[in-house]
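K.L.:
Here it is, the structure in full.
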Amino acid sequence: MSRQPARRARTAAALVCACLGLMSCGAEPDSAVRASDAADTPACKVLRPLAVEFGLGEPSVSQMSGEGCTAHSHEFGTLTVLLRDRPLEDTATGQGKRSTMRFSDHDAVMLMGSLDGVCKMFLDTGEKNTVELRLGRTTAMTPQVCTSLKKATAKVADGLAAQSAASASG
């Protein structure tokens, strides 16, 4: 559990409101992706707009981590989102080919997995927080999986940029 629940809650709320700009904070989510109360975690709120955008199934709490959220489609693969209350450099760890990049104004680290068909992306969200996105697909080579994950990460970063712009003008 986070030692700073208020900060994490604010960050989660900002991510939820910002992600993809597909719905305003007051709007009801599309009934096709409305989650049960059990899957209404901050990570699932971030994943829900991505699930709509990429035609994934309904997000649910990840089996690998109760803090994460997962959605799946045969074509896109299994996408998992985790919200980390640690800075990028402490979070972006693991095996695989490491690449640094930027999405909007956010630094990111991609780990092209050592296992075929697995890719991870770590996106710096500011205030020492990171969004971790993982994509696995058994029907594609790792570079193809990472290309798909870059698209999902760009959508999250665009949502963060929109949130920053709204905060600056408001």
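Coordinate-derived values only; no laboratory data. Bear in mind the structure is a predicted one, so any value in this text is a computation, not a measurement. Don't worry about glycine lacking a Cβ; one is built from the backbone with ideal geometry, like all the others, and counts go over all protein chains shown.
K.L.:
Sticking with the crude label model, points 7 Å out along Cα→Cβ, report the distance from Glu53 to Glu127 in nm, one decimal please.
P.N.:
The modelled label-to-label distance comes out at 2.1 nm.
K.L.:
Same structure again: Could you state, as a whole-number percent, how many of the C-alpha pairs of the stretch 45-170 are farther apart than 22 Å?
P.N.:
The answer is 31 percent, as a whole percent.
K.L.:
Something else: Hey, rough spin-label estimate for Ser104 and Asp40, points 7 angstrom out along Cα→Cβ, what's it come to in nanometres?
P.N.:
Between Ser104 and Asp40, the label points sit 2.5 nm apart.
K.L.:
What's the percent breakdown of Cα-Cα distances in the stretch 101-161 across 10 Å bins, shortest bin first?
P.N.:
25, 51, 21, 2
K.L.:
Residues of the stretch 126-170 with the amide nitrogen closer than 19 Å to a label point 7 Å from the Cα of His74, along Cα-to-Cβ, please.
P.N.:
From the stretch 126-170, the list is 136-141, 145.
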